[in-house]
Amino acid sequence: MARYIVSRVGQALLVLWAAFTISFVLLQAMPGDAVLIKFQNPEYGLSAEQIADIRAAYDADGSVLPQYVHTIGNFVTGDFGYSLQAGVAVSAQLAANLPSTIRLAGLAFAAAAVLAVIIAVLSNLSGFGRLRSFIQSLPSLFVSIPTFWLGIMLIQIFSFRFRLVPVINPGEWEGLILPVLTIAVPISAPMAQILLRNIDEVLTRPFVSVARAKGASHAFVLWQHVAKNAFLPVLTVAGVLFGELLAGAVITETVFGLNGIGSLTEQAVNFQDVAVLQAIVVISAAAFVAINLAVDLLYPVLDPRLKTKLGAVS
Amino acid sequence: MTILEAGERHRNIDSPNPLDWISAAPAAEVATRAPAKARSYTLPIQPGLIFAYFILAIALLWAVAPGLFTSYDPVQGLPGQQLKAPSALHFLGTDALGRDLYTRLVYGAVHSLTGALAAVVIGLFAGTALGVIAGSIGGWVDEIIMRVVDVLLSIPALLLSLSIIILLGFGTVNAAIAVGFTSIASFARLVRSEVVSVRRSEYVEAAFGSGGTFFKVLWRHVLPNSLTSVIAFTALQVGSAILQLSTLGFLGYGAPPPTPEWGLLIAEGRNYIATAWWLTAAPGIVAVLVVLSVNRVSQAIGKAQR
Amino acid sequence: MTISPVGRLEGTVLPAPVLDVSGLTISYRDQNGTRTAVHGIDFSVAPGEVVALVGESGSGKSSTAQAIIGLLPENGRLESGSIRLNQQDIAGWPQKRLDGIRGSVVSLVPQDPGNSLNPVKTIGRQVAEILIIHGKASGAVADARAIELLERVGLNQPALRAKQYPHELSGGMKQRVLIAIAIALKPSLIIADEPTSALDVTVQKHILDLIDELRRETGTAVLLVTHDLGVAADRSDRLIVLKQGKIQEQGRTADILANPQSAYTQRLLADAPSLNIRQRRVAAVATASQGEASDDIIIVEGLVQDFSLGGKDKGLRALDDVSFRVRRGTTHALVGESGSGKTTTIRTVAALQKPTSGKVIVDGLDLSAPPRETLRLLRKKIQLVYQNPFGSLDPRQTIAAIVEEPLLNFEPVPRAKRAEIVASTIEKVGLPLDVLQRRPHALSGGQRQRVAIARALVLDPQILILDEAVSALDVTVQAQILALLDTLQRDLGLTYLFVSHDLAVVRQISDTVSVLNGGKIVESGAVEDVFERPQSHYARELIDAIPGKKYPSLAGQSLSTHSGNIR
């Protein structure tokens, strides 16, 4: 077991290192020297001397390899460099923006999970007829909606038409209702689809017939036998859902004008602020890797089949 | 043991259809013998599917021959016709510059659809090549390719495409390349897992057993049988690419104004949500309908091939 | 509870039947419309009686069983007829009402123990559950009762087993657990739906013995659904023969076996290998028996095969010092239960994997260190036919392309010549030429297996390796394929390496046999010697477990019925 954990953690670190390298290659090692592009802009009114100072500060003149080693060393110690646009440490920007994004994403994730379970449960209660087929088609509708459009439509409908949620100066929590919903709807769709498909699949397995043959009712079978078997595989897509959640946050913060990692990302792209974007890319890759690692380590605890296999191996 | 092998996990995470994301491992272990499927979705006529084909046909015609559908100009506004609500004259209303919104949607189809198509072609070719190489050669080649794929998948698609846009700059072509790049990893993963599962089949072993060489067997059995589900996945990716491109367009990284790209149309209409609701509602509904139709057709292809 | 005597006389006053089915009609809906699977059948089961429902695939035996317990698949429908269980007609009952009797009045022993237990629940919970559902016990009482039940069905360490998960138990143990569930509430009727078809033959015997023993003890009636006539003959009081949803014949088992009335039953009895334990045909061996020792076409010596399990683990020794020889023109059988190493052996002989150590010589070619060209030469000499004709044919190719393919792998043959060879091979395996343009899915299982044989024959090989090649087929189809193989061997002088878990089949078609257990050969020799006078304990146990022993007198009779080959 210990060996399994060590090898899993090692693999995770390897993926993370490679993700850093890819982002470095994409963002910093390419000739389109962002520092030059930006600061040569006459709007800044910087002298050639000042630009040279800045270049030196960012180590932009060094050749690629030392720069790479330098940057990776900094990343490991939590130093993500300076934002070219804001002129402050990237780590400070992240620290300022992370909490609100985590709150938004966390609430959205919870809402999405609730929505998905509601869809799965409703569509498996028999006797619903037309309503049932409508509910089952909801997830495929939800995945087809552009997130940003959904946000705008929600504002249009709930704020302007029905005036239920104020757009200007809403309360702290009140202002989160529509953004959370905007992210939750597209995220709930994949969860619901996976749940629905798994439930369908588990229901065809022989042990379900055996449970029915014991005299168990449909509801008993669903809760006692199908639920856990259908839910476990959802965990394996947790990392992917996280990526979707982050993308949803980027778009939603832009649409609703909220502060957070999302709006930071948007600004970074607009101003070609590579240091900020690279920090965000690496941090989200780290989160993805950490989530998958957690799932891999948690899965054997939840699924007895894997537990024994690991025991046998270690 | 095999269940834990990360390389065996089959997640096509860029797909808008989450069914492709799921790891096949736990189910595959249990479902050693396929139970007789007791499905009853066999409606002889599928109105939804016919409707989907109809929508796609119209969207394609918009892209190919926009002039057939409208007589207005997509870029030049009509004086005195600013921000008119939908009417017989402008059946989806007009924007702040007096341009007919319906006309702009029709002319925008070519940008949204060709962009999506180009993106999918990039992902399809690069991903399929990588997947076939990894799946059929195996060994360390497979190991390296799949680790790279894992890494690409660890970066959220939107961030990956934004990084590429920073590298290449804004614009329609660059946005399509960025979106296409993000789908390479999922294509590679799908193709590899298909190739591997076909390779494990008895008919491939039988082909080797009757003296077939590696390339003959690859050409005769492995490729034709692997590509079936790739086609369905490709269709699905078109829908996903339309969504991703419209997102980039909305954020302002795609086509520059006054291009009537659908995402950009929504972004432009955003300033008037309080007064001109049609400017955001109509392009969004068109995009949703097209994506829904693409997904529906992909689902039909997938079922027919199973 | 009274136990009804076996072999009741006609005319005596019968106790009311536990189960009385009349006019039962079942249909399925699918793409092509509605298909009737069971056509108005009538039968009954008396208390304590074992009634066997036998038939081939598509006979409707499983549909009947599922209908009785109210668990037809979603697209199945009970069209008409009555199912009287303890005098109550349950045919029209809604699922909710059926829940009350399922498990308590009628219970099920399923087909596939491997997938019939919930993988994420403990054994104990799954047994206790039936008591809880019916309100017979709860909490610690139910758990204790579950352990008692596990002990009753012969599981060692029942308290430990109760805490384990299904994957930690063997197939036989899982089936015992499922039996424990089925008997927990002492139902009047147990439906055993192919209870042992997924199990090895020695395990099958123990499971059937257990069902028998429990039935005697509680007086429960058993409806035994099976495709295996040997099992039905050994275990049932009465026999119902189904074909395509209609009853061909029903009556006392002994009567039917001794004097089958319908032509179908006669054929079924003639084709069942387990009921036809008899001397093998002699012709093919005649020449071989006088052959010299040098005419061994396959020589396997000291074969060892290890599989690494990854990491630094010791790995698994799948084969341990396996040696045997096969004389040209004869059939050598490798028999053994799952995990015995028989598949590994043939894969090595077919050069599909390299042995860890040991020697394999096929027709003078040493495979221990084969250069590439040797390997390709070998492909022309040796061909494999797989168990599952659904998986071994490429679904996208036409039959013509499938059979032609091996010809394209060697020196070029002109197109016209190829077509000619393909056509003659297809005829050789007894298929009409119009199959050539079809694809595998349009053919039946037996036809597909003939195509697989044709593909193997098209290179004109000397050796065919038959990997459970008839195991997935219905008994009448199986008999036809075995007859075909026999004819081909005589006509073409082929050597067969025949792998099977079915000893009855092995006895019927092979000349020599090696018995494998745990990767070692425990016994080998001529078929008659091994079957009549097994030396090793394991071989004896294996042979004793072959079903169909109860009516040894039939062996002689069926010889006369089995006249000629049925195509």
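The values are calculated or read from the model by the stated rules, or taken from the named source; none is laboratory data. Note that the structure is predicted; figures quoted are calculated from it, not measured. Methodologically, a virtual Cβ is constructed for each residue, glycine included, from the backbone with ideal geometry; neighbour enumeration extends over all protein chains shown. Calculation scope for accessible area: heavy atoms of the full protein, side chains included, ligands and nucleic acids excluded. Shrake-Rupley method; radii C 1.70, N 1.55, O 1.52, S 1.80 Å.
Residues of segment C:99-132 being more than 8 Å from chain A (Cβ to nearest Cβ) and closer than 13 Å to A:Ala213 by Cβ, which ones?
Scanning segment C:99-132 gives C:Val105, C:Val106, C:Val109, C:Gln126.
Suppose the filter is under 22 Å from B:Gly249 (Cα atoms), open to solvent by 10 Å² or more (accessible area, probe 1.4 Å) and either at the interface with another protein chain (Cβ under 7 Å from one of its Cβ atoms) or at pLDDT 85 or above (or both); does A:Asn259 pass it?
On the way: under 22 Å from B:Gly249 (Cα atoms): yes; open to solvent by 10 Å² or more (accessible area, probe 1.4 Å): yes; either at the interface with another protein chain (Cβ under 7 Å from one of its Cβ atoms) or at pLDDT 85 or above (or both): yes.
The answer is yes for A:Asn259.
Got a sec? Which of A:Ala120, A:Ala96 is more than 15 Å from A:Glu244 (Cα to Cα), open to solvent by 70 Å² or more (accessible area, probe 1.4 Å) and of a type in the set (Gly, Ala, Ser)?
A:Ala96
Residues C:Ser82, C:Ser59: which one is over 24 Å from the mean Cα position of the chain (by Cα) and more than 11 Å from every other protein chain (Cβ to nearest Cβ)?
The conditions single out C:Ser82.
Does segment C:342-351 contain at least one residue that is within 29 Å of the chain's Cα centre (by Cα) and either at positive phi or without any contact (Cβ under 8 Å) to a residue 12 or more places away in the chain (or both)?
yes
Of the conditions (1) touching a residue at least 24 places away in the same chain (Cβ under 8 Å); (2) away from chain C (no Cβ under 13 Å); (3) of a type in the set (A, V, I, L, M), B:Ala267 fails just one. Which one is it?
(1)
Quick one: would you say C:Gly103 is crowded, with 23+ Cβ neighbours inside 10 Å and at positive phi?
Working: crowded, with 23+ Cβ neighbours inside 10 Å: yes; at positive phi: yes.
So C:Gly103 fits the description; yes.
Considering only segment C:331-387, how many residues are among the hydrophobic types (A, V, I, L, M, F, W, C), within 14 Å of chain B (Cβ to nearest Cβ), assigned to a strand (DSSP E or B) and open to solvent by less than 20 Å² (accessible area, probe 1.4 Å)?
Matching residues across segment C:331-387 total 3.
Evaluate the following for C:Ile191: is it in a helix (DSSP H, G or I), crowded, with 20+ Cβ neighbours inside 10 Å, β-branched (Val, Ile, Thr) and in contact with a strand residue (DSSP E or B) (Cβ under 9 Å, 6 or more places away or on another chain)?
Here the answer is no, as C:Ile191 does not meet what is asked.
How many of the residues in segment B:270-295 are more than 20 Å from A:Val255 (Cα to Cα), facing chain A (nearest Cβ under 8 Å) and crowded, with 23+ Cβ neighbours inside 10 Å?
Matching residues across segment B:270-295 total 2.
Out of all the residues in segment B:244-260, is one or more part of a loop (DSSP other than H, G, I, E, B), hydroxyl-bearing (Ser, Thr, Tyr) and open to solvent by 20 Å² or more (accessible area, probe 1.4 Å)?
Yes, segment B:244-260 has at least one match.
Picking from A:Val25, A:Val114, A:Val69, which residue would you name as being open to solvent by 40 Å² or more (accessible area, probe 1.4 Å), within 14 Å of another protein chain (Cβ to nearest Cβ) and modelled with pLDDT of 80 or more?
A:Val25
Specify the residue that is least open to solvent (accessible area, probe 1.4 Å); the eligible residues are those in segment B:54-97 that are small (Gly, Ala, Ser) and under 26 Å from the mean Cα position of the chain (by Cα).
B:Ala59
Could you check, for segment B:124-131, whether at least one of its residues is closer than 23 Å to B:Trp262 by Cβ, away from chain A (no Cβ under 14 Å) and of a type in the set (A, V, I, L, M)?
Within segment B:124-131 (the criterion being closer than 23 Å to B:Trp262 by Cβ, away from chain A (no Cβ under 14 Å) and of a type in the set (A, V, I, L, M)), the answer is yes, since at least one residue qualifies.
Looking at segment B:99-106, can you tell me whether even one residue there is aromatic (Phe, Trp, Tyr) and farther than 28 Å from B:Ser71 by Cα?
Going through segment B:99-106, the residues aromatic (Phe, Trp, Tyr) turn out to be B:102.
Those left that are additionally farther than 28 Å from B:Ser71 by Cα: none.
Looking through segment B:99-106, none of the residues is aromatic (Phe, Trp, Tyr) and farther than 28 Å from B:Ser71 by Cα.
For C:Tyr538, all conditions in the list (1) open to solvent by less than 50 Å² (accessible area, probe 1.4 Å); (2) at pLDDT below 90 hold save one; what is the number of the exception?
C:Tyr538 satisfies every listed condition except (2).
Considering only segment C:388-434, how many residues are under 34 Å from the mean Cα position of the chain (by Cα) and in a loop (DSSP other than H, G, I, E, B)?
The qualifying residues number 15.
Looking for whichever is open to solvent by less than 10 Å² (accessible area, probe 1.4 Å), closer than 29 Å to A:Thr77 by Cβ and in a helix (DSSP H, G or I) here; the options are A:Ala286, A:Ala290, A:Ala279. Which one fits?
Working: A:Ala286 fails: open to solvent by less than 10 Å² (accessible area, probe 1.4 Å); A:Ala290 fails: open to solvent by less than 10 Å² (accessible area, probe 1.4 Å).
After applying the criteria, what remains is A:Ala279.
For the structure I just gave you, tell me whether A:Pro146 is surrounded by fewer than 18 Cβ atoms within 10 Å (Cβ to Cβ) and closer than 25 Å to A:Leu258 by Cβ.
Judged against the criteria, A:Pro146 is not a match.
So is B:Ala119 within 14 Å of chain A (Cβ to nearest Cβ), of a type in the set (Gly, Ala, Ser) and under 16 Å from the mean Cα position of the chain (by Cα) or not?
no
Step by step: first the residues of segment C:392-418, then only those that are surrounded by fewer than 17 Cβ atoms within 10 Å (Cβ to Cβ) and facing another protein chain (nearest Cβ under 7 Å), then the one that is nearest to C:Ile481 (Cα to Cα). Which residue is that?
If we filter segment C:392-418 for residues that are surrounded by fewer than 17 Cβ atoms within 10 Å (Cβ to Cβ), which is where we start, we get C:395-396, C:398, C:401, C:408, C:410-417.
From the residues that got through so far, the ones that are facing another protein chain (nearest Cβ under 7 Å) too are C:396, C:410.
Values: C:Arg396: 25, C:Phe410: 28 Å.
Top of the filtered list is C:Arg396.
Taking into account only those residues within segment A:189-236 that are part of a loop (DSSP other than H, G, I, E, B) and facing chain B (nearest Cβ under 9 Å), which is surrounded by the fewest Cβ atoms within 10 Å (Cβ to Cβ)? Even if it seems obvious, please write down each step before you answer.
So the first thing to find is which residues in segment A:189-236 are part of a loop (DSSP other than H, G, I, E, B), and the list is A:204-205, A:214-217, A:236.
The next check asks that each one be facing chain B (nearest Cβ under 9 Å); those that pass are A:204-205, A:236.
Working: A:Thr204: 17, A:Arg205: 22, A:Thr236: 21.
Filtering first and then ranking leaves A:Thr204.
Given (1) within 13 Å of chain B (Cβ to nearest Cβ); (2) part of a loop (DSSP other than H, G, I, E, B), where does A:Val165 come up short, assuming only one miss?
Among (1) within 13 Å of chain B (Cβ to nearest Cβ); (2) part of a loop (DSSP other than H, G, I, E, B), A:Val165 violates only (1).
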